[in-house]
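This report refers to the structure that appears directly beneath it.
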Amino acid sequence: MGKDYSTLWKEIGLDLEKHDGLLNVLSDAYKNIYLSQKNRPEGMKYFDFVISEVHGLRIEELYEAKKMKRKIVGTFCVYVPEEIVLAVDGIFVGLCAGAEVGFDEAERYVPRNTCALIKAFMGFKLSGLCPYIQLTDIVVGETTCDGKKKAYEIFDEIIKKMYVMEIPNMKNEKGRELWLSEVEKFKDKMEKLSDKEITLDALKNAVKIVSEKRKALQRLNKLRSYDPSPISGLDALLVNQISFYDDPIRFTSKVNELCDELEERVKKGIGVFPKGTTRILIAGSPFAIPNWKLHYIVENSAAVVVGEESCVGTRNYRTLVDEDFTTVDEAIEKIAERYLTIDCACFTPNNERIENINKMFEEQRANGVIHYSLQFCTPYMMEAYKVEKAFNYPYMRIETDYSMEDIGQLKTRIEAFIESIK
Ligand code: BJ8
């Protein structure tokens, strides 16, 4: 980071000493994992810059936006409709965290055997290390897995600004009605928070912005289906992780620039790994930033990751809102419909996820699937059984967390799996 942001960090209540330590660790990890990669596309320079300024320039932007009375809305799940936040000129930021930070503090509130994603978002806040959460006007949770919904009750005692959307368990008629009413309530909440009425034009514009972002991510995903893959899985994962933080219009244009370059690479047959490298699809729990562990292991084991069937991946952008609406109510219905196409394992039954994995396996021309669950993530750990049973392709299942302790063991298992595919 070029500029000194310590005054800003202090003002928003970060623990400066611990925060310096965190940035040093992150910067070293980034150098080792990302900057050491060979043959990266030029277009990744923008995303390297974003990471170098993840607690700097972007935080300054949010801080300035707040001064202009724009609302900052923090979220933990891809079910929260970004379009509605944008329609009140709000800023949408993902708060999920992917590092083992503040776990001792978090374990004073939640059991030790809680998934790392939950402990990390609590830990970042409790140890005064997350500038995003400090800037939020509201934090929106959802009733997905049990761990999250109970953690939100506790989290609200700490941050006092939680709002929770009720997600149905089933996608039947009753579930759909419930969800639509929740999206309507969320619209009311955003209007009240921002003191702005949501208009048809504002919704049309918001839907366009978010759909353009999703289309750019779809385009990037498609380019990974070529052999050789023009971009590493690590880099593609990073772009997906940044999609939750960056300004959506700027982000979309940078992803499209990157894709232009990747298309040229495809035409010339340029890849990051040699043609014929074993291609792995990863399916399962989300990869919150800076969780790069699994991709790093796979791509240092003579394979390339060609897709993430994950919320930091296709679950976030697979489907678009139908733009054919002429009233605000119709727009809200279309938005609600689109979000219910997301196939999170917290739904039952959730057969479409199995179909989607199968389709993705074919489209990305994968050679094997690694089903990845965070430890104690019951929905994905349970669903791994059905995924395994449904198909007849090379498949392995792993359960891990954010610690580095099992890296050696995972590497041995993953190398053996990749070898078996060859
Ligand atoms: S739509 S995956 S973002 S809920 S990893 S906290 S599920 S125990 S994050 Fe998720 Fe929305 Fe579903 Fe996606 Fe619970 Fe599992 Fe932890 Fe999870």
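The values are calculated or read from the model by the stated rules, or taken from the named source; none is laboratory data. What you are looking at is a predicted structure, and each value in this text was computed from that prediction instead of being measured. Here the Cβ is made from the backbone with ideal geometry for all residues, glycine too, and neighbour counts use every protein chain on show. Just the protein is used for accessible areas: all its heavy atoms, side chains included, with ligands, DNA and RNA removed. Shrake-Rupley method; radii C 1.70, N 1.55, O 1.52, S 1.80 Å.
Brief remarks follow.
- Gyration tensor (alpha-carbon) shape descriptor, the range 327-366, a/c threshold 1.5: oblate
- The HN-Hα couplings worked out from phi for the range 377-383 by the Karplus form 6.51 cos²θ - 1.76 cosθ + 1.60 (θ = phi - 60°) are 8, 4, x, 7, 4, 5, 5 Hz, whole numbers, x standing for Gly and Pro.
- FRET E, pair Ile158, Val25, Förster distance 30 Å, beta-carbon r, rounded to 0.05: 0.80
- Spin-label pair Glu11-Glu191: with each label point 7 Å from Cα along the Cα-Cβ axis, the two points sit 3.4 nm from one another.
- Residue-wise HN-Hα coupling along the range 307-324, computed from phi with Karplus coefficients 6.51, -1.76, 1.60 (Hz; x: Gly, Pro): x, 10, 8, 7, 6, 9, x, 5, 4, 7, 9, 4, 10, 10, 6, 5, 7, 8
- Å² of accessible area per residue within the chain, as computed with a 1.4 Å probe and no ligands counted: 42 Å²
- According to the Cα-based calculation, Rg over Rh for the range 173-285 is 1.12, with Rh computed by the Kirkwood formula.
- Sites Lys359 and Ile421 - FRET efficiency at Förster radius 22 Å, r taken between beta-carbons, to 0.05: 0.65
- Cα gyration tensor category, rounded, prolate or oblate, for the chain with a/c compared to 1.5: rounded
- Of the solvent-accessible surface of the range 97-195, computed with a 1.4 Å probe over protein heavy atoms with every protein chain present, carbon and sulfur atoms account for 45 percent.
- Checking every one of the trypsin sites (Lys or Arg not before Pro) in the range 1-92 against DSSP loop status and a limit of 13 other Cβ atoms within 10 Å picks out Lys3, Lys38, Lys69.
- Normalised by the number of residues in the range 294-422, the mean separation of alpha-carbon contacts (under 8 Å, six or more apart) gives a relative contact order of 26 percent.
- Annotation for Arg250 and Leu320: the two label points, set 7 Å from Cα along the Cα-Cβ direction, are 2.5 nm apart.
- Length released on extending from Lys18 to Lys208, taking residue separation times 0.36 nm less the Cα-Cα span: 64.4 nm
- With each label modelled as a point 7 angstrom along the Cα→C-beta vector, the Glu263-Glu166 pair spans 4.7 nm.
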